[in-house]
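The values are calculated or read from the model by the stated rules, or taken from the named source; none is laboratory data. Since the model is a prediction, treat every value here as computed from it, not as a measurement. Cβ placement follows ideal geometry from the backbone for every residue including glycine, while neighbour counts extend to all protein chains displayed. Just the protein is used for accessible areas: all its heavy atoms, side chains included, with ligands, DNA and RNA removed. Shrake-Rupley method; radii C 1.70, N 1.55, O 1.52, S 1.80 Å.
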Amino acid sequence: MENAKYNRAKNRVEEIKEFYNKVLSAIGTIIIVASINYYLNEWEYAWFLWVVLGLSISLFFKANKIFNLNPFMDRDWEERKMEEFLREEENAKKWK
């Protein structure tokens, strides 16, 4: 039991660490792309903002998954729904 808790905590820390590494990578990518954009046309057309938008959307979904930002469908919700379906199935078997 303790070993399982430790493994879950360790996996969670690894997920968070990986997310922060992706954030740093995204910041580096944005800096490089913005520099190229400035070098090519001095931000006459700021096309690097499309890269920022794409990376932001990607990071949003990763953060949502890792930090359970969706209050309606978090991990506890999944467990509650599974238990609810199992109870319904059990009740259906009783009445057959």
**Request:** Within the range 1-47, track down each residue that is hydroxyl-bearing (Ser, Thr, Tyr) and either more than 20 Å from the chain's Cα centre (by Cα) or open to solvent by 100 Å² or more (accessible area, probe 1.4 Å) (or both).
**Result:** Tyr6, Tyr20, Ser35, Tyr38, Tyr39, Tyr45
**Prompt:** Is it the case that the range 46-53 has a residue that's in a helix (DSSP H, G or I) and under 30 Å from Arg8 (Cβ atoms)?
**Reply:** no
**Request:** Find all pairs meeting these conditions: Cβ atoms under 6 angstrom apart; at least six residues apart or on different chains; first residue within the range 1-20 and within 22 Å of Ser56 (Cα to Cα); second residue open to solvent by less than 70 Å² (accessible area, probe 1.4 Å).
**Result:** Glu15/Ile66; Phe19/Ile66
**Request:** For Ile66, indicate whether it is among the aliphatic types (A, V, I, L, M), touching a residue at least 24 places away in the same chain (Cβ under 8 Å) and in contact with a Lys or Arg (Cβ under 9 Å, 6 or more places away or on another chain).
**Result:** yes
**Message:** Quick check on the range 73-84. Is at least one of its residues modelled with pLDDT under 85, on the phi < 0 side of the Ramachandran plot, out of contact with any Leu (no Cβ under 9 Å at 6 or more places or on another chain) and not in a helix (DSSP H, G or I)?
**Reply:** yes
**Item:** Checklist (1) over 22 Å from Glu14 (Cα atoms); (2) at pLDDT 95 or above applied to Glu88, failing item
**Value:** (2)
**Item:** Only one of Glu79, Glu84, Glu88 that is open to solvent by 100 Å² or more (accessible area, probe 1.4 Å) and over 17 Å from the mean Cα position of the chain (by Cα)
**Value:** Glu79
